[in-house]
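Student: A single structure is presented below for examination.
FYI, it's all coordinate maths here, none of it is from the lab. Keep in mind that what you see is a predicted model, and the values were worked out from it rather than measured. Note that each Cβ is placed from the backbone with ideal geometry, even for glycine, and that neighbours are counted across all protein chains shown.
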Amino acid sequence: MSFALRRLAQRRLYSSTPVAPTTGGSGVAAAGTPNEWVAKRNAVQAHAAQTAGMWKKIFFYVCAPGLLVAGVYIKRVEDEHHAHMEHLKHERGDEPLPEYSYMNKRQKPFPWGMNSLFFNPEVRFCLDTKAAA
């Protein structure tokens, strides 16, 4: 019996059609109450529609252009950085990167080797060849 009542309550709670409230345990709606309840529910739905429209406008007129401008800016900065790194590579030639004693200390290797998980051979020297030597 409890399962059937719970199921009925869930159906009423999650249904999309408005159900007028009842008074007491008689199951009969009070006079004038359904109209007030329906009006209040319609007002809440209208407010929700306005609020959703406001946030949609904020996204399309503020957030999306901001993301676009930030993306263009980051692309420009990264292109400058890449050009600078290429310049340093040409300037340095075949000279290896300096090995400082305080950099890339490993007491024991990672499960995948001596290099970090996000190893970039263009920027760092390979520690696997150093460990093998």
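Student: Using θ = phi - 60° and the Karplus form 6.51 cos²θ - 1.76 cosθ + 1.60, what ³J(HN,Hα) does each residue of segment 77-94 get, whole Hz, x for Gly and Pro?
Tutor: Rounded to whole hertz, the list is 5, 5, 5, 5, 5, 4, 5, 5, 5, 5, 4, 5, 4, 5, 5, 7, x, 8.
Student: Let me ask something additional. Return the sequence-ordered ³J(HN,Hα) values of segment 100-111 in whole Hz as given by the Karplus equation 6.51 cos²θ - 1.76 cosθ + 1.60 applied to θ = phi - 60°, using x for Gly and Pro.
Tutor: After applying 6.51 cos²θ - 1.76 cosθ + 1.60, I find 8, 5, 8, 9, 6, 6, 10, 7, 8, x, 5, x Hz.
Student: Under a cut-off of 17 Å between alpha-carbon atoms, report the aspartates and glutamates in cross-link reach of Lys108, not counting same-chain residues fewer than 8 places apart.
Tutor: Cross-link targets: Asp128.
Student: Computed FRET efficiency, Cβ-Cβ of Ser116 and Val72, R0 30 Å: what is it to the nearest 0.05?
Tutor: Details: r = 30 Å, r/R0 = 1.01.
FRET efficiency, Ser116 to Val72: 0.50.
Student: Considering amide H positions built from the backbone, and no H for Pro or chain starts, which residues 5 or more places from Arg124, or on another chain, come under 5 Å of its amide H?
Tutor: Long-range HN contacts for Arg124: none found.
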